[in-house]
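Here is the structure we will look at, set down as structure tokens.
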Protein chains: 2
Amino acid sequence: MTEKKKRKDVIRAGTTVEQMVRAVADLIVTGQMQPGERLDELSLAARFDVSRTPVREALRQLCAMGLVGRQPNRSAVVTNVTDSHLSVMFEAMAELERICARLSAERMTVEERRGLDLMHRASMRLVHAGDQEAYAAHNMDFHTRLYRGAHNDHIFEMVTQTRARLAPFRHAQFRLAGRLAKSYAEHQEIVTAILRADAEGAARAAYAHVSIVSEASTVFAADHR
Amino acid sequence: MTEKKKRKDVIRAGTTVEQMVRAVADLIVTGQMQPGERLDELSLAARFDVSRTPVREALRQLCAMGLVGRQPNRSAVVTNVTDSHLSVMFEAMAELERICARLSAERMTVEERRGLDLMHRASMRLVHAGDQEAYAAHNMDFHTRLYRGAHNDHIFEMVTQTRARLAPFRHAQFRLAGRLAKSYAEHQEIVTAILRADAEGAARAAYAHVSIVSEASTVFAADHR
DNA sequence: ATAGATAAAACTGCATGCAGTTTGATCGTT
DNA sequence: AACGATCAAACTGCATGCAGTTTTATCTAT
């Protein structure tokens, strides 16, 4: 019993496939695997010490998530968001953020508004400290709240998925000089509009916010080519 | 050689998994499988005369598409879009259509605008004939052009996916009295705005159009409960 | 008669094996 | 020397088998 349980504790965090999805997604999102790189089933299976079956299913799911591309009888490859899609992806992201901001301004509960405001104010400390790592985490949370605030699960799903694909590029944006303070100021605008239930103002601010991130990220991507 | 080729001709239309995805999606979308119904791997495998492996992978993909739900160690079940998600899905759809219409008004090429206008005009014949089947096909095409016109592949993908999930409900909407003519009139508004490059007008008209479809479909869904 | 326990049947999760396809390296030809 | 053909190694697609879990049917006790 203990043996079995132990094995589960180690292996479990959902099924093997779920783990594989998370693990491989992590490799991609953190940049440990470059776009265009091949993901062959056998190597991955060996690497994580499972058989090819869960690997295959994970790859299929990652394909659906857009993180890898597949063709029949060929290895899966890490999707190259860089190449053609970057601006398209950011545009989509901006549109989604705009929707979420507008709906959030209309629908957020009092608690949600207060929570957003509080966590935003708290983040000022991180800006002053210049703590990029912590601010990135805060930023993630901030936007997640916006997405949740729209109170529409399907939109939430779409925006989350899109964000996942853009993750590699967003990650490094705060390195650029002054981005932290700028980001904070932009958040401020969004928060203010939402607190006022100013749907159009929130929408505009959120759209602009992503556009700026987009430019910053494009610069970053160009640097690393 | 001929033997092999023949086998391919029969089997081929992509890989086995792709076929399974299409086949099962069809079962769901056409209503041959009701929401909540269980999809057990063995039965499906037997039904389509393949092994469980491609069935499993197809189910995983269908899950990603949102057509079926899964839990570890349980059978996949046809997603019950009806229950809670219907209005949420339509709302998301409306937002996406709004974006597409706005971007289409801004970006469509001259040919795209002309094509949209022509096919819209041609559809008047179907309205007069009261040909629901043909009009449904036209409607599909019409909206697809709107999505393409946005010139953003990622948005196209999202909207296509969302539409797929709503397909079962959209299908029957034209049965309701007068829907054909109303739909045509609404399309007219969208087309007019796009031809004028009136982004906001197109956005507004498209949003309203989906909202009305939503109501019609909700009625339909309620009827069939 | 109903509720709960128990055991068997059914089904999912994963591993493994084989067939067919792709990849890439070697050899021969121009 | 460069290009193309040929063949072997590597890899994907799918089938099948076993272990473990869920589901269902039967039996027992209140």
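The values are calculated or read from the model by the stated rules, or taken from the named source; none is laboratory data. Because the structure is predicted, anything quoted here is derived from the model rather than measured. Positions of Cβ are backbone-derived with ideal geometry, glycine not excepted, and every protein chain shown enters the neighbour counts.
For residues in region A:174-194 being touching a Leu at 6+ places or on another chain (Cβ under 8 Å) and modelled with pLDDT of 85 or more, which is nearest to A:ALA134 (Cα to Cα)?
The first filter runs over region A:174-194 and keeps only residues touching a Leu at 6+ places or on another chain (Cβ under 8 Å), leaving A:174, A:180, A:190-191, A:194.
Filter again for modelled with pLDDT of 85 or more, leaving A:180, A:190-191, A:194.
Values: A:LEU180: 11, A:ILE190: 20, A:VAL191: 20, A:ILE194: 24 Å.
In this case the residue turns out to be A:LEU180.
Would you point out the residue of region A:58-79, among those that are within 13 Å of DNA strand C (Cβ to nearest atom) and small (Gly, Ala, Ser), that is surrounded by the most Cβ atoms within 10 Å (Cβ to Cβ)? That would be A:ALA58.
Within the option set A:VAL55, A:VAL50, being assigned to a helix (DSSP H, G or I), more than 10 Å from chain B (Cβ to nearest Cβ) and surrounded by 16 or more Cβ atoms within 10 Å (Cβ to Cβ) holds for one residue only, A:VAL55.
Residues are listed down the side, and each one gets a yes or a no for (1) closer than 30 Å to B:ARG196 by Cβ; (2) polar (S, T, N, Q); (3) within 19 Å of the chain's Cα centre (by Cα):
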{"position": "B:ALA23", "(1), (2), (3)": "no, no, yes"}
{"position": "B:GLU41", "(1), (2), (3)": "no, no, no"}
{"position": "B:ALA46", "(1), (2), (3)": "no, no, no"}
{"position": "B:LEU96", "(1), (2), (3)": "yes, no, yes"}
{"position": "B:CYS100", "(1), (2), (3)": "yes, no, yes"}
{"position": "B:TYR135", "(1), (2), (3)": "yes, no, yes"}
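Here B:ALA167 passes the criteria (1) within 14 Å of chain A (Cβ to nearest Cβ); (2) within 17 Å of the chain's Cα centre (by Cα); (3) in contact (Cβ under 8 Å) with a residue 24 or more places away in the chain except the one numbered (1). Within region A:23-42, the set of residues being within 13 Å of DNA strand C (Cβ to nearest atom) and farther than 14 Å from A:ASN80 by Cα comprises A:ALA23, A:ASP40, A:GLU41, A:LEU42.
Considering each of A:MET140, A:MET108 in turn, give the residue that is closer than 30 Å to A:GLY36 by Cβ, among the hydrophobic types (A, V, I, L, M, F, W, C) and assigned by TED's automatic domain parsing to the domain that holds A:VAL213.
Working: A:MET108 fails: closer than 30 Å to A:GLY36 by Cβ.
After applying the criteria, what remains is A:MET140.
You will find that of A:ALA46, A:ALA58, the residue that is more than 9 Å from DNA strand D (Cβ to nearest atom) and either free of Cβ contacts under 8 Å to residues at least 40 places away in the same chain or farther than 12 Å from A:MET20 by Cβ (or both) is A:ALA46 and no other.
Scanning region A:94-118 for residues that are buried (at least 22 other Cβ atoms within 10 Å of the Cβ) and either more than 14 Å from chain B (Cβ to nearest Cβ) or not basic (Lys, Arg) (or both) yields A:GLU95, A:LEU96, A:GLU97, A:ILE99, A:CYS100, A:ALA101, A:LEU103, A:SER104, A:ALA105, A:MET108, A:LEU116. Screening B:GLU111, B:GLU91, B:GLU97, B:GLU18 for residues that are modelled with pLDDT of 95 or more and closer than 23 Å to A:MET65 by Cα leaves exactly one candidate, B:GLU97. For A:ALA206, the requirement of being surrounded by fewer than 22 Cβ atoms within 10 Å (Cβ to Cβ) and of a type in the set (A, V, I, L, M) is not met. Taking region A:87-188 and the helices (runs of 4 or more DSSP H) fully enclosed by it, the elements with 3 or more residues that are of a type outside the set (A, V, I, L, M, F, W, C) are at A:110-122, A:132-149, A:153-170.
Looking at region B:63-87, which of the residues that are at the interface with chain A (Cβ under 9 Å from one of its Cβ atoms) and at pLDDT 90 or above is nearest to DNA strand D (Cβ to nearest atom)? Looking at residues that are at the interface with chain A (Cβ under 9 Å from one of its Cβ atoms) and at pLDDT 90 or above, I get B:ASN73.
Would you be able to say whether some residue in region A:162-173 is among the hydrophobic types (A, V, I, L, M, F, W, C), touching a Ser or Thr at 6+ places or on another chain (Cβ under 8 Å) and modelled with pLDDT of 75 or more? Checked region A:162-173: at least one residue is among the hydrophobic types (A, V, I, L, M, F, W, C), touching a Ser or Thr at 6+ places or on another chain (Cβ under 8 Å) and modelled with pLDDT of 75 or more.
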